[in-house]
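Notes follow the structure.
The values are calculated or read from the model by the stated rules, or taken from the named source; none is laboratory data. Here the structure is a predicted model, which means the values were calculated and not measured. Here the Cβ is made from the backbone with ideal geometry for all residues, glycine too, and neighbour counts use every protein chain on show.
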């Protein structure tokens, strides 16, 4: 009995020790404010300091300082420069899976409302200028709160769905898995952008040989082609990757095109909003490029039947907005290549 009491006492002491809070962890948590967590989430999602700063409305130096503080608190670099641009460390990749979910719960605590259904959607960042105003004003908003997130690539959007940080993904469909269902509402053609004052736009048009003599920008994200069908077309016609400029940011790439003799090939709706802000002109490439499908996707079996009508309504509103932008290209001037 004496030994039994000693063992029980020892086990009780161990249990009490386990239940004690980690003082060092509590001190670390006390050092972190909510703004720092918001910055951490933006960095993990965007994987780029500049993009993260735009996402949360801060300056790049402020986000860089926050990253330095996060590195100190978490004891990891989180985001490092790689051969294909900024990449997450293994610890950063792990946090990218759990931090957005955690922040979702934090936002729910702060901004929960009664009597309204929350709809969480991730939208491709290149579609934001065209579609966000339309989606926020579309029919059916009386009983739903639409919360928007953004993603750069289809795979990043799928990771949001898997983590349950979003319920829907509005994207330019790339390689998707069988785990997704989707409502495709538009297929759009590609056009090539040139500077409106460039010598090529002043000519009657571009034939196939002249077209492939141009220096083309290929948009990439995390080492992958943003528009693989366009990249594959160039490669199939003998244009080596070494001859293409690999640029990760579409706005920066468009700015470069507007001030040089470079060319960039993108879907028509993207070309439309870029042409509204920069001196660019679009023309149809002299070769065939498969169209880009735009769709609303969700995890198979995860869509509430009552929400299917909402998906159809949002798809119709998004299609109308994108078609309107596509038609604006004709008004802004579409240069047709030589026959």
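Filtered by the rule that a residue be over 18 Å from residue 121 (Cα atoms) and at pLDDT below 85, the range 154-201 gives 175, 177, 178, 196, 197, 198, 199, 200, 201. Candidates are the residues of the range 290-302 that are surrounded by fewer than 20 Cβ atoms within 10 Å (Cβ to Cβ) and touching a strand residue (DSSP E or B) at 6+ places or on another chain (Cβ under 7 Å); the one that is modelled with the lowest pLDDT is 300.
Here residue 271 clears all of (1) more than 30 Å from residue 44 (Cβ to Cβ); (2) out of contact with any helix residue (DSSP H, G or I) (no Cβ under 9 Å at 6 or more places or on another chain); (3) at pLDDT 90 or above; (4) in a helix (DSSP H, G or I) except the condition numbered (2). Looking only at residues of the range 219-239 that are without any contact (Cβ under 8 Å) to a residue 40 or more places away in the chain and in contact with a helix residue (DSSP H, G or I) (Cβ under 9 Å, 6 or more places away or on another chain), we find that the one that is farthest from residue 53 (Cα to Cα) is 238. Condition test on residue 135, is it in the same structural domain as residue 315 (by TED's automatic domain parsing), modelled with pLDDT under 80 and buried (at least 19 other Cβ atoms within 10 Å of the Cβ)? When the stated conditions are applied, residue 135 passes them.
Residue by residue, here is whether (1) buried (at least 17 other Cβ atoms within 10 Å of the Cβ); (2) on the phi > 0 side of the Ramachandran plot; (3) outside the structural domain of residue 123 (by TED's automatic domain parsing); (4) within 16 Å of the chain's Cα centre (by Cα) holds:
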{"residue": "37", "(1), (2), (3), (4)": "no, no, yes, no"}
{"residue": "45", "(1), (2), (3), (4)": "yes, no, yes, yes"}
{"residue": "52", "(1), (2), (3), (4)": "yes, no, yes, yes"}
{"residue": "67", "(1), (2), (3), (4)": "yes, no, yes, no"}
{"residue": "70", "(1), (2), (3), (4)": "yes, no, yes, no"}
{"residue": "74", "(1), (2), (3), (4)": "no, no, yes, no"}
{"residue": "80", "(1), (2), (3), (4)": "no, no, yes, no"}
{"residue": "84", "(1), (2), (3), (4)": "no, no, yes, no"}
{"residue": "89", "(1), (2), (3), (4)": "no, no, yes, no"}
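Taking the range 229-268 as the range and being out of contact with any strand residue (DSSP E or B) (no Cβ under 9 Å at 6 or more places or on another chain) and part of a helix (DSSP H, G or I) as the test, the residues that pass are 235, 236, 242, 251, 252, 255.
Across the range 202-222, the qualifying residues are those that are surrounded by 16 or more Cβ atoms within 10 Å (Cβ to Cβ) and outside any loop (DSSP other than H, G, I, E, B), and the one among them that is modelled with the lowest pLDDT is 221. Confirm whether residue 280 is under 25 Å from the mean Cα position of the chain (by Cα), within 25 Å of residue 150 (Cβ to Cβ) and modelled with pLDDT of 90 or more. Taking the combined requirement at face value, the residue satisfies it. With respect to the conditions (1) surrounded by 19 or more Cβ atoms within 10 Å (Cβ to Cβ); (2) modelled with pLDDT of 80 or more; (3) within 21 Å of the chain's Cα centre (by Cα), residue 103 falls short on a single one, namely (2). The helices (runs of 4 or more DSSP H) found entirely in the range 32-110 include none that carry 3 or more residues being touching a strand residue (DSSP E or B) at 6+ places or on another chain (Cβ under 7 Å).
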